[in-house]
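Below is one structure, written out as structure tokens, with a few remarks after it.
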Amino acid sequence: MRIGELAQRAGTTTRALRFYEAQGLLRARRSANGYREYGEEDVRLVSEIRTLQAVGLTLDDTRPFVECLRAGHDTGDACADSIEVYQRKLDEVNACIERLTDVRETLLSKLADALPGLQGPCGVIPEENE
């Protein structure tokens with residue numbers, strides 16, 4: 001299949017496919033007339049890349065999954081390097097959640113401290129000119 005059909009079937013753009021190819025994640029074969037040609041395995045590979053990016057992995061993070069599929073495994077996460085990426089990303093997400101929880105607790109505390117002193121509709125204490 002040509003690049004336009006692959007893009008349509010994988011739900012992406014030809015520009016993205018060319019970028020994946022430039023990054024070494026996708027390997028097009030060239031026909032006699034120079035057109036890029038792809039197979040069914042490329043639809044699966046691009047779908048895997050897009051799915052992984054949708055859950056927050058970087059394009060570089062997808063490399064072990066791509067290599068796992070190219071090695072003939074049924075899924076891109078059947079290899080140890082892929083599992084390592086999952087674990088690293090999960091650690092990053094957990095650290096982010098912890099930081100956000102700390103920020104939330106600080107904001108709640110500041111709000112609780114500020115509410116009792118609230119006066120007037122905009123929170124400004126009106127001056128008395130009497």
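The values are calculated or read from the model by the stated rules, or taken from the named source; none is laboratory data. Computed from a predicted model, the values in this text were never measured in an experiment. As a convention, Cβ positions derive from the backbone with ideal geometry for all residues, glycine included, and neighbour counts pool all protein chains shown.
Data overview
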| read-out | value |
| --- | --- |
| Pair list, Cβ < 6 Å and 6+ apart or interchain, from the range 82-96 residues that are among the aliphatic types (A, V, I, L, M) to residues that are surrounded by 12 or more Cβ atoms within 10 Å (Cβ to Cβ) | Val85/Asp61; Val85/Pro64 |
| Subset of the range 3-51 [modelled with pLDDT of 95 or more and in contact with an Asp or Glu (Cβ under 7 Å, 6 or more places away or on another chain)] | Leu6, Leu26 |
| Complete set of residues in the range 67-81 that are loosely packed, with under 14 Cβ neighbours inside 10 Å, aliphatic (A, V, I, L, M) and not in a helix (DSSP H, G or I) | Ala71 |
| Selection status of Leu57, of a type in the set (A, V, I, L, M, F, W, C) and under 18 Å from Thr13 (Cβ atoms) | no |
| Failed criterion for Leu25 (all others in (1) outside any loop (DSSP other than H, G, I, E, B); (2) touching a residue at least 24 places away in the same chain (Cβ under 8 Å) hold) | (1) |
| Among the candidates Thr51, Thr13, Thr62, residue that is free of Cβ contacts under 8 Å to residues at least 40 places away in the same chain, among the polar types (S, T, N, Q), loosely packed, with under 14 Cβ neighbours inside 10 Å and under 22 Å from Glu84 (Cα atoms) | Thr51 |
| Selected residue (criterion: nearest to Val66 (Cα to Cα)) from residues of the range 15-38 that are within 25 Å of the chain's Cα centre (by Cα) and small (Gly, Ala, Ser) | Gly24 |
